[in-house]
Amino acid sequence: MGQDTTSTPLVSIEGLRISLPLGSDRVMAVDGIDLSVKPGKILCIVGESGSGKSMTAHAIMGLVPKPLKVEGAIHFDGHNLADIAPSVHRGIRGSRIGMVFQEPMAALNPVMKVGKQIEEVFRFHNIPGPYDDRIVALLDSMGLPEPELLRHAYPFRLSGGQRQRVMIAMALALDPALLIADEPTTALDVTTQKQILNLLKTAQHERQMSIMLITHDFGVVAEIGDEVAVMQEGRIVERGAVKDVLHDPQHPYTQTLLAAVPDLSPRPAADAEPAPLLSAANVSKTYRTRSGWFTPGREVHAVQNVSLQLGRGETVGVVGESGSGKSTFARIVVRLLTADEGDVRLDGVDANLLDLDTRQLAPLRKRVQMVFQDPFASLNPRRTVFEIVAQGLRAHGVGRREARRRVEELLDLVALDPSAADRYPNAFSGGQRQRIGIARALALEPDVIVADEPVSALDVSIQARVLDLFADIQKRLGIGLLFITHDLRVAAQICDRVIVMRKGEVVEAGTSAQVLFDPQHEYTRLLIDSIPGRGQMPKKHGPATAAAEAMERTRE
Amino acid sequence: MRDFFQRFCENRGALVGLVVLTVIILVAITAPLLSPVDPWRSLGRPLQPPGGEFALGTDMLGRDVLAGILHGARISLWIGILSAVVAALIGVTMGAIAGFFGGWVDDVLVRITEFFQTIPSFIFAILLVAILTPGLTSIVVAIAVVTWPPIARLARAEFMTLRSREFVEAAVLSGVSRPRIILREVLPNAVSPLIVMGSLTVATAILTESALSFLGLGDPNRISWGYMIGAARTVFRHAWWLSVFPGLAIVLTVLAINLVGEGLNDALNPHLKGRRVGVQ
Amino acid sequence: MRHLSYIAGWMVKALAVVLAITILNFFLIRMAPGDPAIVLAGEAGAADEQFLEQVRSDFGLDRPLPIQLAAYVGNVLTLDLGQSYRAQRPVVDMLFERLPATLLLTGSAYLFALLLGPLLGALAATRPRTIFDSLLMVVALFFYATPIFWVGLLLILVFSVQLGWLPPFGMQSMIPVSGAWNQTLDVLRHLILPALTLGLFYIAVYVRLTRASMLETSSLDYVKTARAKGLPEWRVATAHVLRTALLPIITFAGLQAGHLVGGAVVVETVFAWPGIGRLAFDALFQRDYNLLLGVFLLSALMVVFFNMITDILVRLADPRIGSA
């Protein structure tokens, strides 16, 4: 099925090797891979960060940074792209092969109008003008609104999704035979991701071109791919038709990756009503851009009338896309930000937390702690793990020896070796750093932990492990967990109840099962429909955690 | 720390600069031993060319040029370092307060900084020294007053980004006190770009001091390189050595400091160093 | 409407700065040890009792401080900067008389540097680690570390004293030449050395700045996009790298333009160029503080003016600014 061996491949890569500069953690970025893209098919390359998938794409384009050496053969149109005169390669780029990058915010020239940027493709491949009508038609076919006006806009005026459409328009301007898309939807919200994937599918169908799509997300593969190649540490460990690989993965690495993708199966609701712990009512915050002497200020309603209840031992998810106000809400609850209005109450405190001043708040701070999104920005690089985890204990007057004992306990609790205490954060991987962040949050024995996208910066296999850790700690310590995420799948897996936010407002609230299987609001339905690979992903193989655990151990 | 030295040594220019600078500093410290004579005293026939009795010749009053250069190193370096330190103290304090506290405090301090950047710095320095009467203190004050604004801007930018870093938020939530957060969480992370800037400020300060002394605004009791060139201005067409050697001393010193500063930049802020190669 | 309010905003800001500098001026004089009248009159003027009286009444030194300040600010705002004792002339007249010479010198040095500096820097950035690049960077580093007055003296030693090609000082020959064309040529010959002196330092700054800015820009994602589109290297370098890399250079050049008079003090002193800078040196030498304060105020005005120009240029060059 789907193994079409008769047609000659459009691109065939043989023994491709790319060496890394001396002093890197391994010798080869890409270590002898063979790969081919068939005409009119979509090939997905899947792998986690550092697998060499992106480097492979760059090699085809001839965009590998200078000191790195490319060896092997990349056959395309009768050329060997790994060994070709730069001027010939340039002629192929943009005309026969187009490329789309991950960060639409950074990939467009900020000071050139988008129409001009597209025009360059025509002009420098010697296509005679005039170009205006072609550009407008192209932008229109990408589903961009008012292309006539839009082509005169600078990129900063466009949304992330629109910029990515412009990027795709640029890549497809000359109807290339191959489109390389390097994580084209990773930086986008899930609903936008869905639209862009649809756009790619349609474009591929209409133009009968091939696509090579680089991704870390098996959901995306299931959504769009014909064939898939799985990369790990510069090698291809498995390849085949998408259906075959999804349902019957052969290589253990593929199995772990698949197992780590969160399921859309909600956690069963708690039987009994938990004891109330934290409640927020009608929290609102509006940002005002300051007005100058002659310019009026503007208002953004970041959070509007948000209310929720969190019980002891309960996990409540706050789900939303970027700009939904979910992180602002989280920071208001822990009082890193002030709110304009609202009432936040903590069990046993007879006051609105939002009304307390810094002094009154000080003794309460330790009851509500936070775990942050970015495992790199959330640990001070100049302090040891002991100092980081113990800072709250020390600030609350715990002696050094006692603090040391507690830190070792905490590190043990988050499954890190106690010897980690004397090292600096840079000695640890992203997943380990996130554990240190969790240990820090637990140090003061809080009642509530607010976790702001704690797994979104991690590779899938590590995500699963950190999520399990949260569940485990919660069960043991009976903490109330407020879990902020953009990912419905993650929310379903870990949360008892969920609220869905959009543009500062709550559009839907309920138990995870209710929200996922019986969504009332159309936005919630849109979010669920946008989950990549929904309905195409197979049921889980084997115990996810055990496999992921083995994974993390090997990589650390 | 080992990384730091390795990266610093990778920059050959910085290594050369460090060696030259070390020699100059040693000369400055040991000048009274190397040349025990008073550089102001007339020792021989005026305007002797170099290579004779005096290695670098004598000036129009018969003073030894070499002695002047050796003793001049003291004042040039001392003023350079002192004014950079004073400027850094003002700048970092202003910038740190503005960047960390934000709000109206920031507004006020930014306005003040902007105002000082609008002042034409060299003319302001001249005015200050002239009005305060020339001397070590007035020169250091004048140079510091015109050089702190860029340092304040840098410190403010650093503190502003660091303030909203997640690890600072975590410290706030852990109940760590504000002064402790500034000193232990923020400052150590802001310090490397400030060190680089500080080292370049020393170089600029030395150049400014030399220009002030050249115009006759130096400390009248201490010999300095700029003063030597300025004093010989009327005769320099016949006695080239009077301006060439002290000038070389200035160039060498400033060049060495700049090279060391660039090396520090490479070593302390590796992410700022040109392009780097990585996977993905 | 937006432009109008923008310009109005700038005028208010500029006025505030001028006011602040005027007030600073006022207090500077009072910071000096001794009788402010004597400070203002200068050493020579202080001996002249009649002139001291005139200074006292000009500045209202016999009245309370706030009234003195108000009087001073009022004088400055009506372009009355008082008298220079040595010249026995209004300071304003002397400044305007000297301004053209300074503008000619600093303007030509500045244009020279602005044309050549970024060009050389761009050439170096597109050929990193070649001999050209290394050599240029060494030369730039050298001039960046060199006192301007010393370069001036060396140039005079080489081109005037040794080779005798160019005049060592002044703006015109002692013996007047006839004819407009010859006069222009004469001024140009006098201009070359001082302008070169000032220009070399500025070039060094621009070369380094352009190169660093371009190398930084060339590692950005959209430069990769430009290559992926199949654009030729020269197009990538000009339209995508240089175009954005120039933004910080515009900012810097604009800020520097305002500080040109400061740099002119030393060069005009070395070359006896009859401009504002030389005037400042003479005023300094004769302790003519009133004149010195006038130079200070004028150069501050220039800074404010060029800051405004810069701001407008940057807004024109960078669509992201001012439209958020």
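Derivation of every value follows stated rules applied to the coordinates shown; laboratory data play no part. Note that the coordinates shown come from a computational prediction; the quantities given were computed from them, not determined experimentally. Virtual Cβ from ideal backbone geometry, glycine too; neighbours counted across all protein chains shown.
Quick notes on this one:
- Given A:K116/C:K229; A:K66/A:K116; A:K201/C:K229; A:K38/A:K201, the pairs whose alpha carbons are separated by over 18 Å: A:K66/A:K116; A:K201/C:K229
- Stretched out straight at 0.36 nm per residue, the stretch from B:W40 to B:V85 would grow longer than its current Cα-Cα span by 13.3 nm.
- When the P(r) is computed for chain B, the part past 26 Å accounts for 53% of the Cα-Cα pairs.
- Ranked by how many other Cβ atoms sit within 10 Å of their own Cβ, fewest first, the residues B:S224, B:S210, C:S134, B:S121 fall in the order C:S134, B:S121, B:S224, B:S210.
- For region C:13-28, the Karplus equation 6.51 cos²θ - 1.76 cosθ + 1.60, evaluated at θ = phi - 60°, returns couplings of 5, 4, 4, 4, 5, 4, 4, 5, 5, 4, 5, 4, 3, 4, 6, 4 Hz by residue, with Gly and Pro reported as x.
- Of all lysines in the structure, those lying under 23 Å Cα to Cα from A:K503, and not within fewer than 8 positions of it along the same chain, are A:K194, A:K285, A:K326.
- Once divided by 2.2 N^0.38 Å, the Cα radius of gyration of chain C becomes 1.21.
- Estimated Rh, chain A: Kirkwood, alpha-carbon pairs, angstrom: 25.7 Å
- P(r) tail fraction, the protein assembly as shown - alpha-carbon pairs more than 52 Å apart, %: 35 percent
- The residue list A:G225, B:A84, A:G52 was ranked by how far each Cα lies along the charge dipole of the protein assembly as shown toward its positive end, using unit charges on Cβ atoms, and B:A84 comes out on top.
- With each label modelled as a point 7 angstrom along the Cα→C-beta vector, the C:S57-C:L111 pair spans 4.8 nm.
- Centroid-to-centroid separation of region A:401-462 and region B:203-265 [C-alpha atoms, Å]: 56 Å
- Qualifying trypsin sites (Lys or Arg not before Pro) for region B:11-71 [loop in DSSP, other Cβ within 10 Å: at most 11]: B:R41
- As a proxy for reagent exposure, ranking B:D64, A:D248 by other Cβ atoms within 10 Å from fewest up yields A:D248, B:D64.
- Helical contribution to [θ] at 222 nm, DSSP H n ≥ 4, -39,500 (n - 2.57), averaged over chain A, rounded to 500: -10500 deg cm²/dmol
- Shape of region A:365-509, Cα gyration tensor, a/c cut at 1.5: prolate
- On the beta carbon distance between A:A281 and A:E402, with R0 = 30 Å, the FRET formula returns roughly 0.20.
- For A:N305, the residues whose modelled amide H falls within less than 5 Å of its own, excluding neighbours fewer than 5 places apart on the same chain, are A:V283, A:S284, A:K285.
- For region B:61-209: rounded, prolate or oblate by the Cα gyration tensor [a/c cutoff 1.5]: prolate
- Charge dipole of region A:177-333 (Cα centre as origin; +1 on each Lys and Arg Cβ, -1 on each Asp and Glu Cβ, all else neutral): 900 debye, rounded to the nearest 20.
- Counting every other Cβ atom within 10 Å of each residue's Cβ, A:E233, B:E114 order from fewest to most as B:E114, A:E233.
- DSSP bridge analysis restricted to the protein assembly as shown gives an antiparallel fraction near 55%, rounded to the nearest 5.
- ³J(HN,Hα) computed for each position of region A:373-378 - Karplus, 6.51 cos²θ - 1.76 cosθ + 1.60, integer Hz, glycine/proline x: 6, 8, x, 8, 7, 8
- Dipole magnitude of the protein assembly as shown, debye to nearest 20 (Cβ charges: Lys/Arg +1, Asp/Glu -1, about Cα centre): 1300 debye
- Peptides A:27-39, A:452-464, C:177-189, C:8-20 ordered by average Cβ neighbours within 10 Å, highest first: A:452-464, A:27-39, C:8-20, C:177-189
- For region C:255-271, backbone phi angles converted through the Karplus equation (6.51, -1.76, 1.60; θ = phi - 60°) give residue-by-residue couplings of 5, 5, 3, x, 9, 5, 4, x, x, 6, 3, 5, 5, 5, 5, 4, 9 Hz, Gly and Pro being listed as x.
- Mean residue ellipticity (222 nm) of chain C, computed from DSSP H runs ≥ 4 via -39,500 (n - 2.57), nearest 500: -24500 deg cm²/dmol
- Sequence-distant residues sharing a close amide H with A:G72 (under 5 Å, placed H): A:R17
- Per residue, the convex hull volume that the Cα atoms of region B:150-218 enclose (Å³): 84 Å³
- Computed magnitude of the charge dipole of region B:105-224 (debye, nearest 20; Cβ of K, R +1, Cβ of D, E -1): 180 debye
- Positive contributions from Lys and Arg (+1) and negative ones from Asp and Glu (-1), summed over other residues with Cβ under 12 Å from the Cβ of A:P266, come out at 0.
- Cut-off under 5 Å, modelled amide H: who pairs with A:R235 long-range: A:D31
- Angle between chain C longest axis and helix C:65-77 axis [Cα atoms, degrees, rounded to 10]: 60 degrees
- For region A:67-210, the direction-averaged projected area of the alpha-carbon convex hull comes to 9.5 nm².
- Ranking A:N198, A:G160, A:P9 by Cα position along the charge dipole of chain A, where only Lys, Arg, Asp and Glu carry charges on their C-beta atoms, puts A:G160 farthest toward the positive end.
- Shape call, region B:122-280: gyration tensor on alpha carbons, a/c limit 1.5: oblate
- Chain A: antiparallel DSSP beta bridges as a percent of all, rounded to 5: 55 percent
- DSSP beta bridges in region A:403-539 [antiparallel fraction, %, rounded to 5]: 55 percent
- Placing unit charges on each Cβ (+1 for Lys and Arg, -1 for Asp and Glu) gives region A:366-477 a dipole about its Cα centre, and among A:F372, A:A464, A:P446 the Cα reaching farthest toward its positive end belongs to A:P446.
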